[in-house]
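All remarks here apply to the structure that follows.
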Amino acid sequence: HYAAAQKQAEPAVLQPTPQPKDDFQEELVVRPLHSGDIYASFQFRTLWETDFMRGNKVSHYRLFPKSLGQVISKFSVRELHISFTQGYWRTMQWGQPYLPSPPGAELWVWFQDSVTDVDATWKELTNVLSGIFCASLNFIDSTNTVQPSASFKPLGIGNVTDHRFLRYATLPREIVCTENLTPWKKLLPCGSKAGLAVLLKSEKLFHSSFHSQAVHIRPVCQDWQCKTTSWELRQTLNVVFDLHNSGQGKREWSLFKMFSRTLTEACPLASSSKIYIDITDNPEQFELSPATSLLSQAMVLGDRRTFSVYDLTQQDTFGSVRSLNLLIRWKSTEGDMLRPLLHAERYVAGYGLQTGEIHTLMYNHHPYRSFPVLLLDSVPWYLRLYIHTLTVTSKGKDNKPSYIHYQPSKDRVRPHLLEMLVQLPPNSVTEVTVQFERALLKWTEYTPDPNHGFYVGSSVISSLVPSTVAMDTNSTRERPLFSSFFPCKEESSYFVRVYTEPLLVNLPTPDFSMPYNVICLTCTVVAVGYGSLYNLLTRSFQIEEPSPGLAKRIANVIRKMRGVPPL
Amino acid sequence: MSGLPGFLIDDRLHFPSCPSQGGQRFLVEMAAPLTLLLVLAVTIRAALFRSSLAELIAERVEVVSPITAWKRVVEGLALLDLGVSPYSGDVFHELADVITAVALYMAVKDYNKQVFRKQKFALEADRYPLDCLELIRSPKEMYYIPLKVAMFYLLNPFTILSCVAKSTCGLNNAVVALFIFSTIKGNTLLSAIFLCLATYQSIYPLTLCAPAMLYLMQRQYIPVNFRRASFWWFIAQYLFMYLGSLFVLICLSFFLLGSWDYMPSVYGFILSVPDLTPNIGLFWYFFAEMFEHFRLFFLCVFQINVFFYTIPLSVKLKEHPVFLIFMQLAVISIFKSYPTVGDIALYMAFLPVWSHLYRFLRNTFLVSCVLLACSTLFPVLWHLWIYAGSANSNFYYAITLLFNVAQILLVSDYFYAFLRREHHLTYGLYLKRKDGSEATLVLK
């Protein structure tokens, strides 16, 4: 959608070179949120027209990072999506994000169909990525990897849809910090020395309510006939600054306040470098300085938004001081936020450490349209789901899913995978409940802090949500009748992915200080059994002769030595 | 001379033989109390099924284990066909209990007849010393034993809990009871088939092969002697029938399910103990706290422990195969990998058959107190660990240990009493020492 937005605003600039063409674009979108927080989304896109697959040895890397290029060619990756997130995106307060991501680390990869052993390749790939991003992705193994059958379709071109080549894993416990940001910044052509990446300083970025950095690699079409394909690498960084923590309570944001830096120049290698400020909510509500006359409109997430554009490739953007510090000041705090149409929550119900129930609630806020959603749940094997207790209810009535794909878990080998297609009625809450039993694990399988609990990864809810603007007759009044009967393709529905909260579940624990004691005590009981039965099997009854006193016994011994009969 | 049975004629003991008419009258007389007992048992279970306790009981770990839980059976069925409503099947479980009780009743009745006959022949051959006449059993005291066995099984709180929890243990017990009944009746083929069914469900009844073979050889007057060809021939026959039916069953399962997956998932599950859900046995906490390096070693030790007592016990008790069955069942129930109270109820049902050993038991008070206390403490400490959070797993584990020690004590006590009675029947009841004073017997 952003590609569409950019093409509407300005034609994309491609500089033809004799080398395989590559192109770099950077942009920053700033969206003031209704609660006074501010949402900044960086996107850095590198397009490279080359073919890793057909045996050409690529040795000259210019804008595309070499580490990722080698990863793609060595592991025959078709698409790679990895994200590291700290914090949980609050949909009801902040609206929908441009690029959703679950808390922790998430990695999903489509492999080429030339790969013979996908599991081995996946294992190697996770270890290599763990090294590239300085993250502990090596914890991804078969116990938290699943193969979703419907929720994660390829985002780039390609006709392989056999989900044997798809792997999805999430690490909800993963923490994001400066160590992960630094290698991420190194992948950018300008590094953090010029352009928008100058703003990415960790002391401010991690002092925020939400921080997410991601890398997306996919093949895209070079032209509209798709005769040639190129590889697209998108690095995205989403951050939400809190009004009270970073904003000191004042509804006034500036680039310096957010990032403790100002911009001085665009990245020289970038063909386009822009900042978009979302001023749709009420153009009079915000005061932007320095003012700009460039405006752009785009359909984003089912809503027509207006943006003020600052073009960093133009020298006069920086003014006489040769630095750009955008200031956004609220003038009033009125106005409604557009309520997100799809929203989800998840929690664990029940008490005690034996059983529990997972409840997933999905809210459909569309006033009159129902739409189907795909729910993907991956539950670790030690929470034993009872799928016959699965219930889906909407508005108090049973709502049978039209498609259920369930893969049961295998102890210590793979997790549960549950995918369902549920139709959400308009203006309703749909509740999905399933009971589970908690397992007692071997004492070595617990994490170092076992009473903290075990994390269950976020559920993924994917859907094509119908847009509310589609039926708005105001927008169709100027258009001829022959084109306004059916909702226009671009406005009718948009793709949304919502992640629920991860769950924290406590398991019963054995006493970790007692392995030796337990072994001794249990072996004692077994020995008691063995001992009594051994006695009864090997001994026989005899009449007991009372044993003589000590003196007599000694006397008998002496008499035996003398050869005289005993007393 | 008082206290002797009242039919001492001419210094020899006469027992009326049981003609077939008397036998039929016997049957009719016993049918009424048995039916009453069955009706009472079914009523109790039906009442509990309808009450709200049924769900509570079905979740108790002492009553259901991962291999017997009905919830898992339903889950399996639900996975086979998503959308099929689960089968509730109360009647199915009550029926299993009734079958077990009736089979045990008839088995014990037949066994009593055999005991009588052997005793009569031994008396006529003057094999018993005269002062042990108190130990001779009379029809009057043995009249109610089959009913008592059925009652011990049906009205045992352990059995009732097991049935109400819809544990598949009731089904296992029914098959074992049918095996015992067909063995005592002398039907070799049926005995092999039922034993094969019992082994198919859980591997441990394999050890019951030995007592079955010993009993059937005794019944057919084949001497238990390694040098005799008839001994080996009978063993070959029995094993052929047993292994043949086992082979047929396994192939049938393969064709029904379409793959060999069920073998590692059922037998591998029982043998390798991957699921450490707490139960009343010794395995779960032991393997939860085991060092990884030694896991395989101790797994083998614990599993061999169940099978290990078969041969020594068979050698010692080759003249008394039914007591051997009782001992084997007890050993299996105590040392198996996922025991439940239903398994205990099965061997406890046999205790009335050995009621004549009461005078030689040494630890009745201790054992009964400990068993009662542990049975009441199990749910309390489970609640404290899992729900209240004020205890930890050690509390529950301690009660498990105590419960198993009490069971071991019970079984070894009965074994001691049995061996002692046999000793007295050979050497006389009132033994004197060399100097004429009262003697005490010890095991040396």
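The values are calculated or read from the model by the stated rules, or taken from the named source; none is laboratory data. What you are looking at is a predicted structure, and each value in this text was computed from that prediction instead of being measured. Quick reminder, even Gly has a Cβ in these numbers, built from the backbone with ideal geometry, and neighbours come from all protein chains shown. Note: areas computed on protein heavy atoms with side chains; ligands, DNA, RNA excluded. Shrake-Rupley method; radii C 1.70, N 1.55, O 1.52, S 1.80 Å.
Please work out which residue is nearest to the other protein chains (Cβ to nearest Cβ), limiting yourself to the stretch B:373-394 and to residues that are loosely packed, with under 15 Cβ neighbours inside 10 Å and not in a helix (DSSP H, G or I).
B:Gly389
Looking at A:Leu418, is it among the aliphatic types (A, V, I, L, M), touching a Pro at 6+ places or on another chain (Cβ under 9 Å) and either within 14 Å of chain B (Cβ to nearest Cβ) or crowded, with 21+ Cβ neighbours inside 10 Å (or both)?
No; evaluated as a whole, the condition is false for this residue.
Within the stretch A:107-123, can one find any residue that is in contact with a helix residue (DSSP H, G or I) (Cβ under 6 Å, 6 or more places away or on another chain), buried (at least 16 other Cβ atoms within 10 Å of the Cβ) and assigned to a loop (DSSP other than H, G, I, E, B)?
Yes, the stretch A:107-123 contains at least one residue that is in contact with a helix residue (DSSP H, G or I) (Cβ under 6 Å, 6 or more places away or on another chain), buried (at least 16 other Cβ atoms within 10 Å of the Cβ) and assigned to a loop (DSSP other than H, G, I, E, B).
Which pairs turn up if I take residues in the stretch A:520-536 that are within 7 Å of chain B (Cβ to nearest Cβ) and look for partners that are open to solvent by 30 Å² or more (accessible area, probe 1.4 Å) with beta carbon separation below 7 Å, at least 6 apart in sequence or on another chain?
Going by the 7 Å Cβ cut-off, the qualifying pairs are A:Val525/B:Val405; A:Val528/B:Val405; A:Asn535/B:Leu443.
Among B:Leu208, B:Leu252, B:Leu246, B:Leu256, which is the only one that is assigned to a helix (DSSP H, G or I), free of Cβ contacts under 8 Å to residues at least 60 places away in the same chain, away from every other protein chain (no Cβ under 14 Å) and crowded, with 17+ Cβ neighbours inside 10 Å?
Just a single option satisfies the conditions, and that option is B:Leu246.
Give me a count of the residues in the stretch A:132-155 that are in a helix (DSSP H, G or I) and under 25 Å from A:Phe454 (Cα atoms).
Total satisfying the criteria: 3.
Among the residues of the stretch A:193-231, which ones are among the charged types (D, E, K, R) and touching a helix residue (DSSP H, G or I) at 6+ places or on another chain (Cβ under 9 Å)?
Scanning the stretch A:193-231 gives A:Lys201, A:Glu203, A:Lys204.
In the stretch B:395-410, how many residues are within 8 Å of another protein chain (Cβ to nearest Cβ) and either open to solvent by 30 Å² or more (accessible area, probe 1.4 Å) or not hydroxyl-bearing (Ser, Thr, Tyr) (or both)?
So the answer is 5.
Give me the residue from the stretch A:213-245 that is in a strand (DSSP E or B) and aliphatic (A, V, I, L, M) and, out of that set, surrounded by the most Cβ atoms within 10 Å (Cβ to Cβ).
Result: A:Val239.
Name the residues in the stretch A:324-342 that are closer than 28 Å to A:Leu464 by Cα and open to solvent by less than 20 Å² (accessible area, probe 1.4 Å), would you?
A:Pro340, A:Leu341, A:Leu342
Answer yes if at least one residue in the stretch B:350-371 is among the aliphatic types (A, V, I, L, M), away from chain A (no Cβ under 12 Å) and under 22 Å from B:Arg60 (Cβ atoms), and no otherwise.
Checked the stretch B:350-371: at least one residue is among the aliphatic types (A, V, I, L, M), away from chain A (no Cβ under 12 Å) and under 22 Å from B:Arg60 (Cβ atoms).
Name the residues in the stretch A:508-528 that are under 14 Å from A:Leu353 (Cβ atoms) and buried (at least 18 other Cβ atoms within 10 Å of the Cβ), would you?
Listed by number, the residues that qualify are A:Pro508, A:Pro510.
Each row is one residue, and each column tells you yes or no for (1) closer than 27 Å to A:Trp110 by Cα; (2) out of contact with any strand residue (DSSP E or B) (no Cβ under 7 Å at 6 or more places or on another chain); (3) surrounded by fewer than 19 Cβ atoms within 10 Å (Cβ to Cβ).
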residue: A:Asn159; (1), (2), (3): yes, yes, yes
residue: A:Leu166; (1), (2), (3): yes, no, no
residue: A:Thr170; (1), (2), (3): yes, no, no
residue: A:Pro183; (1), (2), (3): yes, yes, yes
residue: A:Leu188; (1), (2), (3): yes, no, no
residue: A:Leu196; (1), (2), (3): no, no, no
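Might you check whether a residue that is open to solvent by 20 Å² or more (accessible area, probe 1.4 Å) and more than 12 Å from every other protein chain (Cβ to nearest Cβ) occurs anywhere in the stretch B:278-296?
yes
Tell me which of these B:Val266 doesn't satisfy, since it passes every other one: (1) outside any helix (DSSP H, G or I); (2) more than 8 Å from chain A (Cβ to nearest Cβ).
Of everything listed in (1) outside any helix (DSSP H, G or I); (2) more than 8 Å from chain A (Cβ to nearest Cβ), B:Val266 misses just condition (1).
Within the stretch A:146-166, restricting attention to residues that are under 24 Å from A:Met420 (Cβ atoms) and out of contact with any Asp or Glu (no Cβ under 8 Å at 6 or more places or on another chain), which residue is modelled with the lowest pLDDT?
A:Thr161
Would you say B:Arg421 is within 14 Å of another protein chain (Cβ to nearest Cβ), surrounded by fewer than 20 Cβ atoms within 10 Å (Cβ to Cβ) and either assigned to a helix (DSSP H, G or I) or at pLDDT below 90 (or both)?
Spelling it out, B:Arg421 is indeed within 14 Å of another protein chain (Cβ to nearest Cβ), surrounded by fewer than 20 Cβ atoms within 10 Å (Cβ to Cβ) and either assigned to a helix (DSSP H, G or I) or at pLDDT below 90 (or both).
So which pairs qualify, if the first residue must be in the stretch B:61-72 and assigned to a loop (DSSP other than H, G, I, E, B), the second must be among the acidic types (Asp, Glu) and open to solvent by less than 30 Å² (accessible area, probe 1.4 Å), the Cβ gap must be under 6 Å, and the two must be at least 6 apart or on different chains?
B:Pro66/B:Asp275
What number of residues within the stretch B:399-444 satisfy the criterion of being of a type in the set (A, V, I, L, M) and more than 25 Å from the chain's Cα centre (by Cα)?
Count: 7.
May I ask you to verify whether B:Thr35 is modelled with pLDDT of 85 or more and not acidic (Asp, Glu)?
In short, yes.
What's the total number of residues in the stretch A:289-323 that are under 30 Å from A:Ser492 (Cβ atoms) and surrounded by fewer than 15 Cβ atoms within 10 Å (Cβ to Cβ)?
3
Just one of (1) assigned to a strand (DSSP E or B); (2) more than 10 Å from chain B (Cβ to nearest Cβ); (3) within 24 Å of the chain's Cα centre (by Cα) trips up A:Thr393, so point out which.
Failed condition: (3).
Pick from the stretch A:70-88 the residues that are assigned to a strand (DSSP E or B) and open to solvent by less than 10 Å² (accessible area, probe 1.4 Å): which of them is nearest to A:Thr121 (Cα to Cα)?
Per the stated criteria, the residue is A:Val77.
Given the structure, is A:Tyr351 farther than 21 Å from A:Gly95 by Cβ and not in a loop (DSSP other than H, G, I, E, B)?
Judged against the criteria, A:Tyr351 is not a match.
What's the number of the condition B:Phe307 fails, among (1) more than 23 Å from the chain's Cα centre (by Cα); (2) of a type in the set (Phe, Trp, Tyr); (3) open to solvent by 50 Å² or more (accessible area, probe 1.4 Å)?
(1)
For A:Met299, are the conditions met, namely being in contact (Cβ under 8 Å) with a residue 40 or more places away in the chain, part of a helix (DSSP H, G or I) and not hydroxyl-bearing (Ser, Thr, Tyr)?
No: the conditions fail for A:Met299.
Looking at the stretch A:90-111, can you tell me whether even one residue there is of a type in the set (A, V, I, L, M, F, W, C) and more than 30 Å from A:Met362 (Cβ to Cβ)?
yes
Could you identify the single residue in A:Ile132, A:Ile140 that is in contact (Cβ under 8 Å) with a residue 60 or more places away in the chain and either open to solvent by less than 50 Å² (accessible area, probe 1.4 Å) or under 15 Å from the mean Cα position of the chain (by Cα) (or both)?
A:Ile132
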